[in-house]
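One structure is given here, and the rest of the page talks about it.
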Amino acid sequence: MSRLIVISNRVSAPRPNDPKGAQGGLSVALAAALREYRGIWFGWSGNKTDEFTGHIDFQRHEGVTSATIDLEEQDVEEYYNGYANRTLWPLFHYRIDLAEYDRSFAGGYERVNTRFAETVRPLIEADDLIWVHDYHLIPLGAQLRERGLKNRMGFFLHIPWPPSRLMVSLPFHEGLALSLLAYDVIGFHTEEWLESFQNYVERELGGHCDSDGTIRVGERSVHAAAYPIGIDYQEFQQAVASNTARTAYERLRKSADGRRTIIGVDRLDYSKGLEERFLGYRRFLEENEDCRGRVFLLQIAPPSRGEVHTYETIRESLDELSGRINGEFAEVDWVPIRYVNQGYAREDLAGFYRAAEIALITPLRDGMNLVAKEYVAAQDPEDPGVLILSRFAGAALQLKDALLVNPYSKEDISDAIRRALEMPKEERIRRWRAMNENVNSEDVVWWRKSFVDALEKAGPSRSEAAE
Ligand code: GDG
């Protein structure tokens, strides 16, 4: 069996009891996949160094070998805080108003991708399968090919691919998109992001997309398809059954004191639609006087990417908005929004999900959204809660039995909360069963298998082809 070499921006094997615990969905999902393979996970350590030397730090943790490098301050500023998080992240989440185009960011992005390529290249053996992750490393495949690598290589994008009309606002977008053709397989979470990519290839690159997923541009042909990511369902079941989760469940139920809990869990990010969510909840309180004092919104939002200015701004506006709503509606014995800016251990989250009668997950745009799937997996089958989910999350294409809402519409959010509160138990169970069936069967193992199978089938590696 070939080894699997996973390459992503950050390497952080999940630590289930890490109380800070704000791991992204990527880290949680990948560790589960890597444990099954005797492979290597290569990426940035998260640390800075005065001078980049290409030194690799190897570690083994819970069956996963990680190989990490440190980056220079300027690399982090231009590549990570700059091009990845201030240019590509907003653009790919349809926020061209927030996207910053700065030549130094683009230069840093190329430089770090080159550093990744040069450092990882000697670790790769002829038969290895290479799996590159996410928007930080789009040009890496082309950089590796330039260094003579002929192995099968796949790329998975964890965020949406934007519509062509937005994509063209990126300077030198063709170069970035063309570099994707160095891979053999390109994966997206949903058909929607895949279609946007295919449309871009046909409009902007003059390529051709076959119905079997083959994309041809000039001499080059690659396979592109949708592989929706799932959660580690078994692991999450164990988390739900843990003592820590039970304690967290009881803590929340006790403090709820008979009131119904609406939960939201999101990294503090503008793509997650937190302001719009608070405003939708405010509309619900306005329109449903009888519910005041009987429900509350628990919004857990651990800060992320503190060095990017936009994130300070969103934090300030949410502090202000939650304070205003609480000031407007609170009573001596009831606060409508519990807004918590800290992360919790995974098992605590599992207990909170189970204790909450409703989950309100309303991103404005989200590649997938794993919180929605975790909420489903954490429910009591005899008395499950209701999932309210944005129709603009990739997860909405699988979790069709959620109450799907337009996250920009206060009325939609307000109506869905009312409907969820009144939903009869039989309907809750029916909807939950259908969603749970999907979350359980299309889990992270299924996702990994689907992608790696496609990579293995992607034809002989170029080394074999050359022989
Ligand atoms: C990107 C894409 C795609 C959150 N707070 C805490 C905590 N979390 C965990 C959740 C979940 C993960 O972080 C968040 O995953 P999401 O999928 O919701 O969102 P992103 O971080 O934006 O992930 C997304 C994903 O990649 C995978 O491809 O689904 O669309 O944007 O697992 O539980 N975990 C802990 N404490 C917290 O306070 N332990």
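Nothing in this text is a laboratory measurement; each read-out follows from the coordinates by a stated rule. The structure displayed is predicted, hence computed values, not measured ones. Using ideal geometry, Cβ is built from the backbone for each residue, glycine included, and neighbour counts are taken over all protein chains shown.
Listing for the model above:
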{"quantity": "Inter-label distance for ASN199 and VAL335, nm, one decimal - labels placed 7 Å from Cα along Cα-to-Cβ", "calculated": "4.4"}
{"quantity": "Between 0 and 90°, nearest 10: helix 274-287 axis offset from the chain longest Cα axis", "calculated": "20"}
{"quantity": "The chain: angle of helix 410-422 to the longest principal axis, Cα-based, in degrees nearest 10", "calculated": "60"}
{"quantity": "Extended-chain gain in nm, criterion 0.36 nm per residue less alpha-carbon gap, ARG246 and GLN234", "calculated": "2.6 nm"}
{"quantity": "Förster radius 51 Å - calculated FRET efficiency between GLU411 and ALA126, Cβ distance, rounded to 0.05", "calculated": "0.30"}
{"quantity": "Counted charge near ALA434, where neighbours are those whose Cβ lies closer than 9 Å (Asp, Glu -1; Lys, Arg +1)", "calculated": "+2"}
{"quantity": "Cα centroid separation - region 335-354 against region 97-112, whole Å", "calculated": "35"}
{"quantity": "Taking LYS254, LYS272, LYS48 and counting other C-beta atoms within 10 Å, the order from fewest to most", "calculated": "LYS254, LYS48, LYS272"}
{"quantity": "Equivalent ellipsoid semi-axes - Cα gyration tensor, region 234-441, angstrom", "calculated": "23, 20, 18"}
{"quantity": "Selected from PHE155, TYR339, GLY46, residue furthest toward positive end of dipole (the chain; charges at beta carbon)", "calculated": "TYR339"}
{"quantity": "Difference of contour (0.36 nm per residue) and Cα-Cα distance, ILE96 to GLU328", "calculated": "80.2 nm"}
{"quantity": "Student exercise, region 234-441 dipole from Lys, Arg, Asp, Glu Cβ charges, in Debye to nearest 20", "calculated": "380"}
{"quantity": "Per-selection Rg to Rh, the chain - Cα, Kirkwood hydrodynamic radius", "calculated": "0.97"}
{"quantity": "Cross-link pairs LYS373/LYS400; LYS400/LYS425; LYS254/LYS400; LYS373/LYS457; LYS254/LYS410 - those with Cα-Cα distance over 22 Å", "calculated": "LYS254/LYS400; LYS373/LYS457; LYS254/LYS410"}
{"quantity": "Extreme residue, positive dipole direction of region 234-441, given options SER317, PHE296, ALA393 (C-beta unit charges)", "calculated": "ALA393"}
{"quantity": "Likely footprinting exposure, TYR227, TYR339, fewest C-beta neighbours within 10 Å first", "calculated": "TYR339, TYR227"}
{"quantity": "The chain, relative contact order [Cα under 8 Å, separation at least 6], %", "calculated": "16"}
{"quantity": "Rounded if a/c under 1.5, otherwise prolate or oblate - region 63-214, Cα gyration tensor axes", "calculated": "oblate"}
{"quantity": "Net +/- balance of residues flanking LEU34 in space, Cβ distance below 11 Å, scoring K and R +1, D and E -1", "calculated": "+2"}
{"quantity": "Rh (Kirkwood; distinct C-alpha pairs) - region 354-401, Å", "calculated": "10.8"}
{"quantity": "Cα→Cβ-extended label distance, 7 Å offset, between ARG147 and SER255, nm", "calculated": "4.8"}
{"quantity": "The chain, helix-only ellipticity at 222 nm - DSSP H runs n ≥ 4, -39,500 (n - 2.57), divided by all residues, nearest 500", "calculated": "-12500 deg cm²/dmol"}
{"quantity": "Proxy reagent accessibility, fewest Cβ within 10 Å first, across MET423, MET435, MET1", "calculated": "MET1, MET423, MET435"}
{"quantity": "Two-site label geometry, GLU73 and GLU36: point separation in nm, points 7 Å out along Cα→Cβ", "calculated": "4.4"}
{"quantity": "Backbone N within region 367-408 under 13 Å of label point (7 Å from GLU427 Cα along the Cβ vector)", "calculated": "386-387, 402-404"}
{"quantity": "Counting DSSP beta bridges with both ends in the chain, the antiparallel % (nearest 5)", "calculated": "20"}
{"quantity": "Principal-axis tilt of helix 425-441 within the chain, Cα atoms, nearest 10 degrees", "calculated": "20"}
{"quantity": "Extended-chain gain in nm, criterion 0.36 nm per residue less alpha-carbon gap, ASP210 and GLU456", "calculated": "86.6 nm"}
